[in-house]
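See below for the structure under consideration.
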Amino acid sequence: MKKIILVAAMVLGFAAAAVAQPRAIGVRIGNGGEVSYQHTLGENFLEVDGGLGLGFDGTFNVGATGIYNFMIAQPQWTSQGTWGFYAGPGVGVGLGLGEANYFTLAVAGMVGLEYNFEFPLQLSLDVRPQIGIGFGNGLHWGLMPALGVRYKF
């Protein structure tokens with residue numbers, strides 16, 4: 001009985017800790033559009049993006065990227081809201097649909113600047129370099145700047 005109570009208390013504790021972490025959901029607009037989700041982990045955060053785009057060769061792309069971002073600095077430039085510089089590594093997968101269909105595995109990174117308003121809105125401007133192997137189209141790379149708009153909850 002004690003073990004059951006202990007396990008139940010641990011499960012509830014982990015669930016409460018997961019719910020208490022700040023999160024944000026919104027869009028990244030760059031070369032196409034992505035749905036973006038951020039989950040804060042201490043001072044750093046995990047960002048998962050998935051969306052649609054158009055390749056330089058005219059192919060239609062569907063992809064997802066996961067990045068673990070380290071908060072590098074949080075300068076106090078304004079008396080309201082907070083600023084943050086971040087950067088981190090990640091991975092991506094994609095599917096190209098066009099004259100030649102292909103599947104891609106990529107290594108990605110991200111460098112950006114964000115502003116969190118005092119109300120639940122976050123704006124970010126970032127660049128995501130990627131290099132990947134496309135099964136069907138060979139080696140490829142990209143440098144994708146984007147503007148992010150997210151609702152924080």
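Each reported figure results from applying straightforward, stated rules to the coordinates on display, with no laboratory input. These figures come from a predicted structure and were not determined experimentally. Reconstructed Cβ throughout: ideal geometry from the backbone, glycine too, with neighbour counts over all protein chains shown.
Other residues within the sphere of radius under 13 Å centred on the Cβ of Ala64, judged by their own Cβ, net out at -1 (K and R +1, D and E -1).
May I ask for the net charge around Gly90, where only other residues with Cβ less than 9 Å from the Cβ of Gly90 are counted and Lys, Arg are +1 while Asp, Glu are -1? Walk me through the intermediate numbers first.
On the way: positive: Arg128; negative: Glu47.
Cβ neighbours under 9 Å give a net charge of 0.
The length gained on full extension between Phe117 and Trp77, counted as 0.36 nm times the residue separation minus their Cα-Cα distance, comes to 13.1 nm. Note that the range 95-106 has calculated 3J(HN,Hα) couplings of 9, x, 10, x, 4, 10, 7, 8, 10, 10, 10, 9 Hz, one per residue in order, obtained from phi through the Karplus relation 6.51 cos²θ - 1.76 cosθ + 1.60 (θ = phi - 60°); glycine and proline are x. In the calculated pair distance distribution of the range 23-152, what percentage of Cα-Cα distances lie above 20 Å? The share of Cα pairs beyond 20 Å in the range 23-152 comes to 42 percent. The phi-based Karplus calculation (6.51 cos²θ - 1.76 cosθ + 1.60; θ = phi - 60°) puts the 3J(HN,Hα) values of the range 113-128 at 10, 10, 10, 9, 6, 6, 8, x, 9, 10, 10, 9, 10, 9, 10, 10 Hz, whole numbers, x for Gly and Pro.
Of the peptides 133-142, 105-114, how do they stack up when ordered by the mean number of other Cβ atoms within 10 Å, highest first?
Working: 133-142: 13.5, 105-114: 17.6.
Packing proxy ranking, top to bottom: 105-114, 133-142.
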